[in-house]
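Inspection log for the structure reproduced underneath, given as structure tokens.
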Amino acid sequence: MSTAPPRTPRICAHCATERAKVQRAKTNERLCVSCFIAVFELEVHQTIVGNKLFHRGQRVAIGASGGKDSTVLAAVLKTLNERYAYGVEFVLLSIDEGIKGYRDDSLETVKRNAEQYGMELCIVGYRELYGWTMDQVVEQIGKKGNCTVCGVFRRQALDRGAAMLGVNHVVTGHNADDMAETVLMNLLRGDLPRLHRCTCIVTESTSSPISRSKPLKYAYEKEIVLYAHHRKLDYFSTECIYSPEAFRGSARSLIKSLERVRSSAVLDIVRSGEAFAEMVPEEIRGTTACAGEGKKTTIDIVAGKEEESTGCGKGTSGDLSQGGEMSQFEKQLANNEKAEHLETEITLPPPRKKRSGEGGGEKVLQVPLPKAKKQTLGSCRKCGYMSSQELCKACVILDDLNKNRPKIEVELDYDEEEASSSIRRKMEALDLRRSMVTTLSND
């Protein structure tokens, strides 16, 4: 009986000496662990240098949630800052939304990370800023639309936290998958202003003094997980309990399906979003501007090979297209042509012209189109936050929430509750005695 020959272990594509243990999601290269970590860090460094994200002596806040993205971002930035001498002071900024069973646990991870990386930590809470937690908001409005409220609150909380730390630049852990999801969501919604700014690696807004950047913009989520795993980083892996209800979840599922067919789908969508953003007219781009974009780095060169495993991109999965769409479309066109003789054309009389001017001449009055109102930056009259309107978005949301909140909330401790119940029992007993006396006197 013949035995199969032993398999030859795959060798790392970079060092050609160590055994390959990691297959990159971006390029399908097989690398050893040390080469994968080195390549991942090098690509993030090239993104930072190519887009000039930092300058020496700057103080930068890392938006830390305790999840894999922000934890990897903090670890990589600490490593690169020491290796390439950026001369940047990094601090951690966390937002406590007030979600029990999720944020309270993840903040413990952030506190451990602050000690591990030797970084200053500032935690800003929704309850302290707005008087509401997200648990209370969801209880009030339900799970539909809660991510919009959280997004408005979070943006202002980040600005206020950055002011507490004395920084004007915040980096976030948005990765390539997040960018692709946002591009797809804005395309489906037809939101051109957001489509323009969602692909920017650095965003600056006239309504905020804080600039934001995304050093992990071209890093795949799978590779971030692999990096955290092989470096044994301490991170919190549970997702927000309210996020499955969001529209982003549908976009994520669609992209994951595309990625199974075409491994480069994530980066392709990001690149397409960048191309679409360039075509958005200036007048509808909004008040948020991109900064730091322009130069391409070696991160832009993904892989110069054709797809080997997926061929032209066709698959056999049941949820994929099985063909025949064009023939069905042609049949529909033929049916439409046959039905043309059944249509009745209705011709409306021409519009009557209004008389204007001297001499009885007829002129058509041209109605001027309303001009877009130019926004001027001011301050919210309630909270003082920068806003182009009388009230900022957060205060508008809070007004709606507070309308349905009870005006007075009475909270009794155990002793007060016992005292009130004993008084109530005495009053009931007194009423009972009075009723008995009244009954006996009547008899």
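The values are calculated or read from the model by the stated rules, or taken from the named source; none is laboratory data. In this text the structure is predicted, and so the values were computed from the model without any measurement. Glycine also receives a Cβ, built like all others from the backbone with ideal geometry; neighbour counts cover every protein chain displayed. Calculation scope for accessible area: heavy atoms of the full protein, side chains included, ligands and nucleic acids excluded. Shrake-Rupley method; radii C 1.70, N 1.55, O 1.52, S 1.80 Å.
Rounded to the nearest 0.05, what FRET efficiency do residue 104 and residue 46 give with R0 = 56 Å and r taken as the Cβ-Cβ distance? Could you check? The partial results should precede the final answer.
On the way: r = 37 Å, r/R0 = 0.66.
That gives a FRET efficiency of 0.90.
Filter the cross-link list 100/382; 100/217; 214/256; 78/393; 111/143; 78/222 down to pairs whose alpha-carbon distance in this structure exceeds 32 Å. Beyond 32 Å: 78/393. Oblate is the label for the range 155-271. Its Cα gyration tensor axes, ordered a ≥ b ≥ c, give a/c of at least 1.5 and b/c at or above a/b.
Let me make sure I get this right: for the range 218-282, a, b and c are the square roots of the gyration tensor eigenvalues over alpha carbons, sorted descending. Under 1.5 in a/c it's rounded, otherwise prolate if a/b > b/c, else oblate. Which is it? Since a/c reaches 1.5 and a/b is larger than b/c, the shape of the range 218-282 is classed as prolate.
By definition, a body whose alpha carbon gyration tensor gives a ≥ b ≥ c is rounded when a/c is under 1.5, and the range 52-291 falls into this rounded group.
Tell me, what is the FRET efficiency for residue 241 and residue 188 to the nearest 0.05, using R0 = 22 angstrom and their Cβ-Cβ distance as r?
The formula returns an efficiency of 0.35 here.
Taking the accessible area of the range 52-291, probe 1.4 Å, and keeping the other protein chains in place, the carbon and sulfur fraction comes to 52%.
Please give the contour-minus-distance gain from residue 390 to residue 17: 0.36 nm per residue of separation, less the Cα-Cα distance, rounded to one decimal in nm. Walk me through the numbers on the way to the answer.
Numbers: separation 373, 0.36 × 373 = 134.28 nm, distance 6.49 nm.
Using 0.36 nm per residue and subtracting the Cα-Cα distance, I get 127.8 nm.
For the modelled label position 7 Å from the Cα of residue 85 along Cα-to-Cβ, which residues of the range 48-75 have backbone nitrogen atoms closer than 18 Å? Residues 49, 54-58 fall inside that zone.
Indicate, rounded to the nearest 5 percent, the antiparallel portion of the DSSP beta bridges found entirely in the range 52-291. Walk me through the intermediate numbers first.
Values: 5 of 20 bridges.
Here the share of antiparallel DSSP bridges comes out near 25 percent.
Roll a 1.4 Å probe over the protein chains and send me the accessible area per residue for the range 52-291 in Å². If you can, show how the numbers build up before the last one.
Details: 10540 Å² over 240 residues.
That works out to 44 Å² per residue.
Order these peptides, 71-78, 247-254, 190-197, by their mean beta-carbon neighbour count within 10 angstrom, highest first. Don't skip to the answer; put the middle values down first.
Details: 71-78: 24.1, 247-254: 15.1, 190-197: 17.0.
Top to bottom by mean Cβ count within 10 Å: 71-78, 190-197, 247-254.
Computed extension gain for residue 383 through residue 250, at 0.36 nm per residue and net of the alpha carbon distance, reaches 44.3 nm.
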